[in-house]
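The values are calculated or read from the model by the stated rules, or taken from the named source; none is laboratory data. It should be emphasised that the depicted structure is a prediction, and the values quoted were computed from it without experimental measurement. Positions of Cβ are backbone-derived with ideal geometry, glycine not excepted, and every protein chain shown enters the neighbour counts.
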RNA sequence: GGCCCGGUAGCUCAGUCGGUUAGAGCAGGGGACUCAUAAUCCCUUGGUCGGGGGUUCGAGUCCCUCCCGGGCUACCA
């Protein structure tokens, strides 16, 4: 049952920022959207899914600078990563663009002109901190200093994490730029503002009556920004420009000023549509200036503000279509906690893919997502059991237990009496479709699994494996498997938006591709059945474990270099570091080794040992021969390359660090058993390690 | 502090307009089966629906209040 008249739908996901990789939190949104888009296409609707990288702003500019490359270079590389991550998660965009595109620049200019013509633009001077060393204005988060209220040091530029006071970065005592460590100065520059308050009436009307927003979102907007009807709040002017230098588009009628990233980002939706239109020979007006086209935005609750006030305001002023629906989702937690880099729970898409197939995550998210703004939890144990039980145990099992019995005969010519199972499944299509339509995927998944729960007992009761032994029952076996496979196929169709690969494989198995929702209404009969192949692998807990470990390892790797500039933020630490002024050469010469686990460390048996003899070695330039005591009369013979740094007589009696279980090594002058630990590049610069007073020979170091 | 969302079985969650003995899946226990990726099927244990009060013939559901968790926001509603 397709919709009576095909709808035209333009669908967007929020634009990921070109400053980092896609992680499993982002994926909630792209998977939610992709499932919806696939559902719409399966239903026969005309649906176009556009997205783009969000590339502008100070953060990108700074990062490019730090990495010594151009912004264009940086954002091109990130875009490639993003696109391959999405593709490998089976997220299919009709167009994936960039906000740094000619189409976007042109459209920004067009919208800007309309907004200016409507009299909404005002100019005001803004005092902002300027980093004289980096030569750039500083966003609040690039400034840290001492809280003017409570005196806590190293606080962010907008509010104090200690006492909660709110202030401007200019009010900080001892402010410092986190970019250069320099003391910023206050500079004044003209900024362009959009007077949103002039659209107050329109926005209130839209929030109240358009039906585009979830209830809780409408409440939130009224509570925080619009105010109640009898007690309206004033909408603040929106600062939409940034002075140079800024990576973005220069405002044509305000030279030296650039559009703020949040001005050009949503316009990126239109620009991406434009690119798609150009490729398809379509007209942009049919998508952005047509009542016949629905516009659906999917985004996270963190950016509600931009998409539900500014964006409709901009669209309205520019004479473009308003969003039909803004689908706002909550955040992902992992094992009940906020995702955290340091805990490794903020798993990158690529890290996931290194260990697991995308379909389990697609299904798991679907089974948890509703049309509400609630957060939901990725419970790792639950993830494993749910996916394995539902998809492998129930759904795929239907095919895998019946397909091979009909490999030779194919499906029965006529659909047999199944006691109404297929018809009941067909009837469920309406309810399942309605759940998908309102993005209540968890409900859809429950309804679909209920079908699988009815199909398996059918196979159980009819025992094709037993009947098969009786040749006279061959037709009956074929009938039973025809039913089982059709029930399976019906489920695969319903799951196709979530599990596109399974749908493809099902199409291949039964010789008819799954392309339309209404294929669920008619059983397949009289067609051959291909050789059955595994349709899905179960999720092994060990792989999930390995993924989490890799994720944790990544977060540790990245932390070390990132912390170097970040120390500029901490007064006491900065002072301490300055006092000792240790240079970077040793670390540079020999970077930190790959992480190992404690068990790895334990493999090395480090012991305290006493040097009881130390002798020159005849004919050796660098070596001394040492006899080490581990106490209790246990001694070891070691050749150590420390001759140029230590005269033997100075060594006798002292304690050293001894690598006790190193495999003995035959040398020109004898066998060396283990080694003495020392640092330094070698030659005269060798520094033996010794334990503090009190250590005893033979003690293990750990 | 304000606002919003939650609290239902060990876990993850359904529960329509207030309507009979509160449901599912997983986990636990017992059994069956052996076609299927140790998959499947049948039976089964388990809940003062966060506490208290109220409205009602009847409350998981509506109202008040308190407690707990999460989110947003911040001296402004």
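General observations
- Pick from segment A:112-137, criterion surrounded by fewer than 16 Cβ atoms within 10 Å (Cβ to Cβ), free of Cβ contacts under 8 Å to residues at least 60 places away in the same chain and under 37 Å from the mean Cα position of the chain (by Cα), ranking: farthest from residue A:244 (Cα to Cα): A:113
- The residue of segment A:392-420 that is farthest from RNA strand B (Cβ to nearest atom), among those that are in contact with a helix residue (DSSP H, G or I) (Cβ under 6 Å, 6 or more places away or on another chain) and in a helix (DSSP H, G or I), is A:406.
- One residue stands out in segment A:322-348 among those that are closer than 25 Å to residue A:204 by Cβ and assigned to a strand (DSSP E or B): the one that is farthest from RNA strand B (Cβ to nearest atom), namely A:325.
- Checking residue A:423 against (1) within 15 Å of RNA strand B (Cβ to nearest atom); (2) assigned to a helix (DSSP H, G or I); (3) out of contact with any strand residue (DSSP E or B) (no Cβ under 9 Å at 6 or more places or on another chain), the condition it does not meet: (1)
- For residue A:12: the one exception among (1) modelled with pLDDT of 95 or more; (2) assigned to a helix (DSSP H, G or I); (3) under 21 Å from residue A:375 (Cα atoms): (2)
- Selection status of residue A:382, within 9 Å of RNA strand B (Cβ to nearest atom), at pLDDT below 90, surrounded by fewer than 21 Cβ atoms within 10 Å (Cβ to Cβ) and not in a helix (DSSP H, G or I): no
- Matching residues in segment A:172-199 - criterion: being on the phi > 0 side of the Ramachandran plot and either assigned to a loop (DSSP other than H, G, I, E, B) or surrounded by 14 or more Cβ atoms within 10 Å (Cβ to Cβ) (or both): A:181
- Test: residue in segment A:199-213 that is under 29 Å from the mean Cα position of the chain (by Cα) and farther than 21 Å from residue A:107 by Cβ: yes
- From A:352, A:364, residue being in a helix (DSSP H, G or I), buried (at least 19 other Cβ atoms within 10 Å of the Cβ) and within 16 Å of RNA strand B (Cβ to nearest atom): A:364
- For residue A:432, the conditions (1) within 14 Å of residue A:490 (Cβ to Cβ); (2) within 10 Å of RNA strand B (Cβ to nearest atom) all hold with the exception of (2).
- Of all residues making up segment A:607-628, the number that are in a strand (DSSP E or B), in contact (Cβ under 8 Å) with a residue 40 or more places away in the chain and buried (at least 18 other Cβ atoms within 10 Å of the Cβ): 8
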